[in-house]
Amino acid sequence: AKAWTAGKESGGSYSARNGQYIGKYQLSASYLNGDYSAANQERVANSYVASRYGSWSNAKSHWLANGWY
């Protein structure tokens, strides 16, 4: 589910940008605190998904229903 979400959000690219959304998981720049490294993107994405959805599978289900997570 995590790889699927990354594919939908950015094609899996850590350097993808769409307005204020940055990286592999298209996180808001404010979440990344200026650290756009792959390691920080992974850490922040895992934390965000755990706190908001509980799991990557739940995040994928939300994406399928809404077109975003």
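The values are calculated or read from the model by the stated rules, or taken from the named source; none is laboratory data. From a predicted model like this one, the values you see are computed outputs, not experimental measurements. All Cβ positions, glycine included, derive from the backbone under ideal geometry; neighbour counts span all protein chains shown.
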Fill in the blank from the handout: For helices (runs of 4 or more DSSP H) lying entirely in the chain, having 3 or more residues that are crowded, with 17+ Cβ neighbours inside 10 Å picks out 2-10, 38-52, 56-66
Practice task
For region 20-30, state whether one or more residues are under 13 Å from Trp63 (Cβ atoms), aromatic (Phe, Trp, Tyr) and at pLDDT 95 or above.
Solution key: yes
